[in-house]
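Working notes, beginning with the structure itself.
The values are calculated or read from the model by the stated rules, or taken from the named source; none is laboratory data. Predicted, not measured: the structure shown is a model, and the values here were computed from it. Because the Cβ atoms are built from the backbone with ideal geometry, glycine has one as well, and the counts that use them run over all protein chains shown. Calculation scope for accessible area: heavy atoms of the full protein, side chains included, ligands and nucleic acids excluded. Shrake-Rupley method; radii C 1.70, N 1.55, O 1.52, S 1.80 Å.
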Amino acid sequence: MALFDLSLEELREYHSDSVAPGDFDAFWATTLQEARVFDLAARFEPVDAGLSTITVFDVTFAGYGGHPVKGWLRLPAGTMEPVPLVVEFKGYGGGRGLPHEDLLWASSGRAHFVMDTRGQGSGWGGGGGTADPVGSAPAYPGFMTRGIDAPENYYYRRVFTDAVRAVEAARSHPLTDASRTVALGGSQGGGISIAVGGLVPDLAAVAPDVPFLCDYPRATTLTDRDPYREVGLYLRTHRGRTKEVLRTLSYFDAVHFAARGCAPALFSAALEDQTCPPSTVFAAFNAWAGADKTIEVYEFNDHEGGGPYQDAARLRWLRRYA
């Protein structure tokens, strides 16, 4: 589809109608406090991935509820001193993959920690290995409506908490430089990185690409593509619950985390993106509280966004921060 959303001029001025709940900050402070009752218990086990230039560790740490969450830590081979740290979150349906995948960031001389997204890892890529042991009320297939009956039960409460704990786990390794930590990811991973940017105050930088999980009131009515469409299909059956559902989603809208994010930020948006419409991305970008922010715009791309061009942009941009 050609351009279907607001014009670029309008996008640069667009602000979401989503309203943060009055207890948003208290909700998240309590959530993280409850998670930190459990020992982080981060374990780093060397893996023979058959690589000569990169060393890989199989990581397990305690996420939400103390549940075990997996990850990979990749380091440039021979690293003796702490190096800048990139913490990456994966797109919808993907997992941490295999140990020899995703070598870009470690190849750039940085530590690279990739979090396995609980319950996912069966939709594409090399798979995942982290269960989500928490059940939910009736939900539409997918992850978007799991536990949507209440903020306390919602699936992304667990995922965002896991993500904050992932940063803490990655920083606990002696060869990562906690003061130069970057959170990034694409699509769902971009939305998670925005949430982390709003919950972890001392990041060096945040780089969300074509982020998902932004501006739910607009996204769920503008596009009929999954995953946002899962919410509409749930409400098609559960008639009359729109207000309740939007209330739950308001605690997880990346727009509100962006309003609390102060680190330097590099976003990207694609103007033909029907999966994560550009207005929803600009809603988060325009809300980002930090003054040092920029957005790359790909005028004729769908959800693939900038792809390798955005990788190159991030590599250039991160030289200033990590």
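General remarks:
- Under 18 Å from Lys90, Cα to Cα: lysines that are on another chain or at least 8 residues apart: Lys70
- Helix 155-171 axis, angle to the chain major axis (alpha carbon atoms, nearest 10°): 20
- Set of region 266-289 residues, backbone N closer than 16 Å to the point 7 Å along the Cα-Cβ line of Leu233: 275
- Between the beta carbons of Glu244 and Ala131, assuming R0 = 30 Å, the FRET efficiency works out to 0.60 to the nearest 0.05.
- Radius of gyration and maximum dimension Dmax of region 174-236, Cα, Å: 15.0, 51
- Average accessible surface for region 1-147: 47 Å² per residue, computed with a 1.4 Å probe over protein heavy atoms with every protein chain in place.
- Counting only alpha carbon atoms, the long axis of helix 188-199 and the longest principal axis of the chain meet at about 80°.
- Just checking the listed ones, Asp23, Asp209, Asp302: in the Gaussian network model of the chain with Cα springs under 10 Å, the one fluctuating most is Asp23.
- Region 2-66 versus region 148-198: alpha-carbon centroid distance in Å: 2
- Of the solvent-accessible surface of the chain, computed with a 1.4 Å probe over protein heavy atoms with every protein chain present, carbon and sulfur atoms account for 52 percent.
- Trypsin sites (Lys or Arg not before Pro) lying in DSSP loop within region 231-316, provided at most 16 other Cβ fall within 10 Å: Arg239, Arg241
- Spin-label zone in region 84-98 - amide nitrogen under 14 Å from a point set 7 Å from the Cα of Ser122 along the C-beta vector: 93-95
- For the chain, pairs of C-alpha atoms spaced more than 30 angstrom apart make up 28 percent of the total.
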